[in-house]
Each structure stands twice: as C-alpha cells, then as structure tokens.
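Trainee: Questions regarding the structure given below will be posed in turn.
The values are calculated or read from the model by the stated rules, or taken from the named source; none is laboratory data. Model, not experiment: these values are computed from the prediction. When we count neighbours, we look across all protein chains shown, and the Cβ atoms used for this are built from the backbone with ideal geometry, even at glycine. Calculation scope for accessible area: heavy atoms of the full protein, side chains included, ligands and nucleic acids excluded. Shrake-Rupley method; radii C 1.70, N 1.55, O 1.52, S 1.80 Å.
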Amino acid sequence: QVQLVESGGGLVQPGGSLRLSCSGSGFTFSSQGMNWYRQAPGKERELVASITFAGRTTYIEDSVKDRFTISRDNSRSTVYLQMNALLPEDTALYFCNTRRYYSQDYQDYWGQGTQVTVSS
C-alpha cells in the first residue's frame, strides 16, 4: 500500500526557515512525480510545489517561488520542501501528494500532513 509520511513542521518566527520532508513507501518512488500542497483554516487546499520523477523539472507557486524550493532524493525515497523567509501567510497544514495513473483513471495519495505555524 502507498504510504506518505511528512515531517519537519513546527513553529517558526517570521523570516525563519523550515525544511519539510516526505518519505514514501509501497510504490516505486523514483517513477513518481511528487507534489506539496497546503491548506490553511477556512481556505482551499492549494498546490505549492511539484517535482518530476527524476527531479529535472520543478514548479513553484508564484506566491512562494522566491522563497521555497522543492527537491528529492530518490535513493532515500524522500521529497523535500525548503522554506525560507517564512511569512505568517505561510501558516498551514502541508501535505505531500503523488498521483498514480492507471489505464482509464488515476488515484491521488496523501500524507497525513505536517503543521507549519509562522508567528512571532
């Protein structure tokens, strides 16, 4: 079974940094693109960053593109989200995601989330 486990969240002051990690198991990690989403209270879940299976192409959402970086280490089956210059608006539950495609459909898989709180 596919399993995604996030870690690295916590409480940080504005301007601080955190590195989130997501470890995957139950699938061939190196064949899957990976994504980071976040959801703040009362808001829709939004895509923050994506990385292709080999890490050659990345996407970063505009509001965080100058501050966040996504990377992966397939030898460790882990994807990272480096977050710098954090703002209170970055406070959210951050989720790791992968989408597996089948012949006529697809399936999204999610971790349980890790909380990031940016506050002074």
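Trainee: How long is region 22-66 along each principal axis, judged by its Cα atoms, biggest number first, in Å?
Mentor: 34, 24, 12
Trainee: In debye, nearest 20: dipole of region 1-118 around its Cα centre with unit charges on the Cβ of K, R (+) and D, E (-)?
Mentor: Rounded to the nearest 20 debye, it is 300 debye.
Trainee: Considering only the other residues whose Cβ falls under 13 Å of the Cβ of residue 52, what net charge follows from Lys and Arg at +1 and Asp and Glu at -1? Don't skip to the answer; put the middle values down first.
Mentor: Working: positive: 56, 72, 99; negative: none.
Computed value for this residue: +3.
Trainee: Sticking with this structure for a sec: So, in nm, how far is label residue 101 from label residue 40 when the simple model puts each one 7 Å beyond its Cα toward the Cβ?
Mentor: Each label point lies 7 Å from its Cα, and together they span 3.3 nm.
Trainee: Determine the share of the chain's accessible area contributed by carbon and sulfur atoms, expressed in whole percent, with a 1.4 angstrom probe.
Mentor: Working: 2970 of 6810 Å².
The C+S portion of the solvent-accessible surface of the chain is 44 percent.
Trainee: Compute a Gaussian network model of the chain, connecting alpha carbons closer than 10 Å, and tell me which residue from 82, 39, 107 fluctuates the most.
Mentor: Looking only at 82, 39, 107, the largest GNM fluctuation is found for 107.
Trainee: Can you classify region 40-108 as rounded, prolate or oblate using the Cα gyration tensor, where a ≥ b ≥ c are the square roots of its eigenvalues, rounded means a/c under 1.5, and otherwise it's prolate if a/b beats b/c and oblate if not?
Mentor: Details: a/c = 2.18, a/b = 1.34, b/c = 1.63.
Oblate.
Trainee: Connecting C-alpha atoms closer than 10 Å in a GNM of the chain, tell me which of 15, 24, 33 has the biggest fluctuation.
Mentor: Result for the chain, Cα springs under 10 Å: 15 fluctuates most.
Trainee: Translational diffusion coefficient, Stokes-Einstein: compute it for the chain using the Kirkwood radius over C-alpha pairs as Rh, at 4 °C and 1.567 mPa s, and state it as an integer in µm² s⁻¹. The partial results should precede the final answer.
Mentor: Working: Rh = 14.4 Å.
Estimated via Stokes-Einstein, D reaches 90 µm²/s.
Trainee: Within region 1-98, which GluC sites (Glu not before Pro) sit in a loop by DSSP and count at most 16 neighbouring Cβ atoms inside 10 Å?
Mentor: Working: sites: 6, 44, 46, 61, 89; in loops: 44, 61.
For GluC sites (Glu not before Pro) across region 1-98 that sit outside H, G, I, E and B with at most 16 neighbouring Cβ atoms in 10 Å, the list reads 44, 61.
Trainee: Of all beta bridges DSSP finds with both residues in region 12-120, what is the antiparallel percent, to the nearest 5? Please report the intermediate quantities before stating the final value.
Mentor: Details: 33 of 34 bridges.
DSSP beta bridges in region 12-120 are roughly 95 percent antiparallel.
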